[in-house]
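Have a look at the structure below before the remarks.
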Amino acid sequence: MTGYFVRRFLLIIPTFIGITLLVFAITRVVPGGPIERMMTQIQLGGETGSLHRSQGGGTLSDEQMEELKRYYGFDKPMLSSYAIWLKKVLQFDLGHSTRYQDPVWEIIKERFPISIFYGLSTLVLTYAVCIPLGLAKGMYHGSTLDSWSSAVVFLGYALPSYVIGIALISLFAGYWDMFPLGGFVSDNYEEFSAWGKAKDIFSHAVLPLIAYLAGSFAVTTLMMKNSLMDNLSADYMRTAAAKGLSRSESVRKHALRNSLIPVATSFGSNISLLLGGSFLIETIFNIDGIGLLGYEAIIERDYPIVMGILVISSLLYLLGNILSDICVALVDPRIRFGGGRGA
Amino acid sequence: MSLLSIQNLSVSILGDDGIARELVSSISFDIAAGETLGLVGESGCGKSLTAMSILDLLPKPQASRSNGKVLFKGEDIGSTNQTRLRQIRGKNIAVIFQDPMTALNPVQSVAQQIGEVLRIHFPEQSRQQHGQRILELLREVGIPAPEARLSAYPHQLSGGMRQRVMIAMALACEPDLLIADEPTTALDVTIQSQIVRLLKGLQAKNGMAMLFITHDLALVSQVSDHIAVMYAGKIAEYGKARDVFATPHHPYTQSLLAALPGIHHQAKSPLLALEGQVPAIENMPSGCRFANRCRYVAELCHNKTPLAEHISETNTVACHRWKEIRS
Ligand SMILES: Nc1ncnc2c1ncn2[C@@H]1O[C@H](COP(=O)(O)OP(=O)(O)O)[C@@H](O)[C@H]1O
Ligand code: SF4
Ligand SMILES: [Mg+2]
């Protein structure tokens, strides 16, 4: 078992290289890279910052092109410049943004608190709502509660999150003015007391969180419900009744743990939600999160940022998958990874 | 007074169309203390429904007891409250099921699952006492190296071992009556006889009564004092096991015995082989339920349900023509 998880951890290395190499290669072949951008700007006669200044008719000399390529590492073959990039990453150096010239790590770090706040809230709220709701729906299958919550949950699932976001913001922030229009905190946030600060973050978070959660409730809730119902009708529940347990005791002591197994399985992979963040929702609510940063970086061909976000999110995803397996092994004694004999 | 008395028990099944239809119909039988009643019949004839209705373990809402009384030591446990019923379940009457694979909780250890029934019915005893008792039970049901099995999960045990664990669980509170619903059907033939021998041995030791359910007539002949032959939700013939095997009166029992290899019956002939199908629950005949397969069928059989008639003091048969058939 331990051997299995050690192998899984070691497998992160080739997987990580595979993912990053693929995206690295794509950044090389997709048109509109940083050098082409620079050239366009120069041709348009624009100021390009202190580093490079156009000369004469707005075209670059060959030497200048070479200099630019060297600066961005485009002068070497793809694999060797990937190796250079990887070596830097191993030294915790993600390079500099081509747009802002700032270190990539600094830019990403700035967005961390916001993204983690939303990611963690989404994760916690999803489980805090879906598990009890799914259990209640399973226990009282066919009840009014069951049908109404299904309707709500599926509506949220069917509507794209940006539609929900826009609807929420126009109703509750525009029409009724109950919540702020957007942003993470108010402009005068620093002047508030601790309690005021908490309230401020909360009021800013309500609408985006609803938009985030609306779509994620359906899957987990229904998974929980179906899983509980399967277990309620299982043979071992009849055994529990035949022993003299009451219905509620047998649900609590037998069906519950079994029905949590599939939900626990999904937990690890949801860890990557922590840093997810949809750029659509972040755009609508004017939140400076990782999602928006990544989207802008792709549009603007700010490849160091793109690669930086990729490094962090792929590591998180790979670790999350292993965490998933650990969760499953913890809750289900039948699962023994790696062919070793369990005792 | 008998230990368990079932009187006019009927169980209805709720169809997909929302109509409840009586499958088990007006069944009566008694089990005396320490005795074994073998309930035998083809699969689907309602044996499990009959057995599960005793402790109100029917799969709800698909199946429900629609009529009849269940008397245990004279107490009407068919209409008692849930609290009282829970005291009886596992303590006075225990059940073992057909499939030990699914009847045990897959994520609890052997010790947890046996310990639970002790905790329910002997909450005043200490954990140590329960631990002692669990080991003693595992030893009693013939599980080798019981100490090593305490922390085992069901998937780590063979089918036969799992059924032994089920038996240990059922015997934990030394019940007066054990309901064994096809306890060996899911097991290998060699394991089957081991389990049957184990059950007989434990029964003799504890002096408990047993309702032994099976579709296997040969098996029921080994274990039972009395047998009840069931067909399509009704009891065709009931009596002392020896009598029923020696002189079966119901045409259905006769066909079953004739089909049995190795048992010599004077009227054994290929003519007795059963043809046709058990009637579906949607169109149960209003007369004798065996009529479409019976070679003695007469006009009367289609119109009138045959009631149980006494052949002797203890034995009964439900056939209009049993007297003619005998001669
Ligand atoms: N949970 C259920 N839902 C619907 N029908 C059932 C259910 N349980 C039993 N039945 C019906 O009752 C009949 C008798 O079932 P059962 O008592 O289990 O037979 P057996 O004699 O094999 O134990 C079955 O053939 C089936 O049609
Ligand atoms: S009542 Fe008629 S049909 Fe039924 S078993 Fe007797 S002879 Fe056959
Ligand atoms: Mg059955």
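Just by accessible area at a 1.4 angstrom probe, what is the order of B:His215, A:His204, B:His310 from largest to smallest?
Of B:His215, A:His204, B:His310, the descending order of accessible area is B:His310, B:His215, A:His204.
Quick one: what does P(r) look like for the stretch B:189-265 with 5 Å bins over all Cα pairs, in whole %?
3, 14, 25, 24, 17, 13, 5, 0
Using alpha carbons only, how many degrees (0 to 90, rounded to 10) separate the axis of helix B:127-140 from the longest principal axis of chain B?
Taking the Cα atoms of chain B, the angle to B:127-140 is about 50 degrees.
Suppose only helical runs count, i.e. DSSP H with n ≥ 4. What mean residue ellipticity at 222 nm does that imply for chain B under -39500 (n - 2.57) per run, divided by all residues and rounded to the nearest 500 deg cm²/dmol?
When only DSSP H runs of four or more count, the value is -9500 deg cm²/dmol.
Among A:241-248, A:75-82, what's the highest-first ranking by average C-beta atoms within 10 angstrom per residue?
Ranked from most to least packed, the peptides come out as A:241-248, A:75-82.
Averaged across B:104-110, how many Cβ atoms of other chains sit within 10 Å of each residue's Cβ atom?
Shielding by partners across B:104-110 averages 6.
Helix B:159-171 sits at what angle to the longest principal axis of chain B, using alpha carbons and giving 0 to 90 degrees rounded to 10?
Taking the Cα atoms of chain B, the angle to B:159-171 is about 80 degrees.
Pull out a ≥ b ≥ c, the square roots of the eigenvalues of the alpha-carbon gyration tensor of the stretch A:191-337, then state rounded if a/c is under 1.5, prolate if not and a/b is larger than b/c, and oblate in the remaining case.
prolate
Could you compute how much accessible surface B:Glu147 exposes when probed at 1.4 Å, giving the result in Å² to the nearest 10?
Rounded to the nearest 10, that gives 110 Å².
Quick one: which residues, 5 or more positions from B:Leu23 or on another chain, have an amide H under 5 Å from its amide H? H modelled 1.01 Å from N in the peptide plane, none for Pro or chain starts.
Correct list: B:Val11, B:Ser12, B:Ile13.
Against the globular-protein guess of 2.2 N^0.38 Å, express the Cα radius of gyration of the protein assembly as shown as a ratio, rounded to two decimals.
So the Cα radius of gyration is 1.40 times the expected 2.2 N^0.38 Å.
Beta carbons within 10 angstrom, averaged per residue: use that to sort the peptides A:197-203, A:119-125, highest first.
A:119-125, A:197-203
Please list the non-local residues whose amide H lies under 5 Å from the amide H of B:Ala236, H modeled 1.01 Å from N, same-chain partners needing a gap of 5 or more.
B:Val229, B:Met230, B:Tyr231
Which value in deg cm²/dmol, rounded to the nearest 500, describes the helix-derived mean residue ellipticity at 222 nm for chain A, given -39,500 (n - 2.57) per DSSP H run of n ≥ 4 and division by the residue count?
After summing the helix terms and dividing by the residues of chain A, the value is -22500 deg cm²/dmol.
I'd like the antiparallel share, as a percent to the nearest 5, of DSSP beta bridges with both residues in the protein assembly as shown.
60 percent
Angle, helix B:189-206 long axis vs. longest principal axis of chain B, Cα atoms, 0 to 90°, nearest 10?
80 degrees
Under a straight-distance cross-link criterion of Cα-Cα below 19 Å, which aspartates and glutamates are reachable from B:Lys304, leaving out those fewer than 8 residues away in the same chain?
B:Glu22, B:Glu237, B:Glu282, B:Glu324
In what order, largest first, do A:Arg7, A:Arg257 sit by accessible area if the probe radius is 1.4 Å?
Listed by decreasing accessible area, they come as A:Arg7, A:Arg257.
Can you list which of the DSSP-assigned H helices in chain A have a Cα extent of 24 Å or more along the long axis and an average Kyte-Doolittle score of at least -0.5?
A:2-29, A:104-139, A:194-232, A:303-331
Skipping prolines and chain starts, which residues have an amide H placed within reach, meaning under 5 Å, of the one on A:Gly183, given they are 5 or more residues away or on another chain?
Here A:Asn286, A:Ile287 satisfy the definition.
Roughly how big is the protein assembly as shown's charge dipole about its Cα centre, with Cβ charges of +1 (Lys, Arg) and -1 (Asp, Glu), in debye to the nearest 20?
2160 debye
May I ask for the net charge around B:Val165, where only other residues with Cβ less than 15 Å from the Cβ of B:Val165 are counted and Lys, Arg are +1 while Asp, Glu are -1?
Net of charged neighbours comes to 0.
Tell me, what is the 1.4 Å probe accessible area of A:Val328, in Å² to the nearest 10?
About 20 Å², rounded to the nearest 10.
Taking only C-alpha pairs under 8 Å that are 6+ residues apart, what is the relative contact order of the stretch A:105-331 in percent?
Normalised by residue count, the contact order of the stretch A:105-331 is 29 percent.
What aspartates and glutamates does A:Lys253 reach when the alpha-carbon gap must be under 14 Å and sequence neighbours fewer than 8 apart in one chain are set aside?
Answer for A:Lys253, where 14 Å is the Cα cut-off: B:Glu116, listed by chain and number.
Looking at the stretch B:44-102, which trypsin sites (Lys or Arg not before Pro) are DSSP coil and have at most 16 other C-beta atoms within 10 Å of their C-beta?
B:Lys73
Rg and Dmax of the stretch B:130-247 over Cα atoms: what are they, in angstrom?
Here Rg and the maximum Cα pair distance are 15.8, 50 Å.
Of all DSSP beta bridges located in chain B, what percent are antiparallel, nearest 5?
So the antiparallel bridges in chain B amount to around 60 percent.
On a straight-distance basis, which aspartates and glutamates could pair with B:Lys205 in a cross-link, Cα separation under 20 angstrom, same-chain partners fewer than 8 positions away excluded?
Those aspartates and glutamates meeting the cut-off are B:Glu35, B:Glu136, B:Glu140, B:Glu174, B:Asp176, B:Asp225.
Could you tell me the accessible area of B:Asp176 in Å² (1.4 Å probe, neighbours in place), rounded to the nearest ten?
For B:Asp176, the solvent-accessible surface is approximately 50 Å².
With a ≥ b ≥ c taken as the square roots of the eigenvalues of the C-alpha gyration tensor of chain A, please select rounded if a/c is under 1.5 and otherwise prolate if a/b is larger than b/c or oblate if it is not?
Cα axes put chain A in the oblate bin.
Which order do you get for A:Asp288, A:Asp187 if you rank them by accessible area with a 1.4 Å probe, largest at the top?
Final ranking, largest accessible area leading: A:Asp187, A:Asp288.
With contacts defined as alpha carbon pairs under 8 Å and 6 or more residues apart, what's the relative contact order of chain B in percent?
Relative CO of chain B lands at 19 percent.
Of the residues B:Gly233, B:Gly44, B:Gly90, which exhibits the maximal mean-square fluctuation in a Gaussian network model of chain B defined by a 10 Å Cα contact cut-off?
B:Gly44
Would you kindly calculate the mean projected area, averaged across all directions, of the convex hull enclosing the Cα atoms of chain B, in square nanometres?
17.8 nm²
The values are calculated or read from the model by the stated rules, or taken from the named source; none is laboratory data. As the structure is a computational prediction, the values presented were derived from the model and not from experiment. Heads up, the Cβs are rebuilt from the backbone with ideal geometry, glycines too, and the neighbour counts pull from every protein chain shown. Just so you know, the surface numbers come from the protein's heavy atoms only, side chains and all, with ligands and any DNA or RNA stripped out. Shrake-Rupley method; radii C 1.70, N 1.55, O 1.52, S 1.80 Å.
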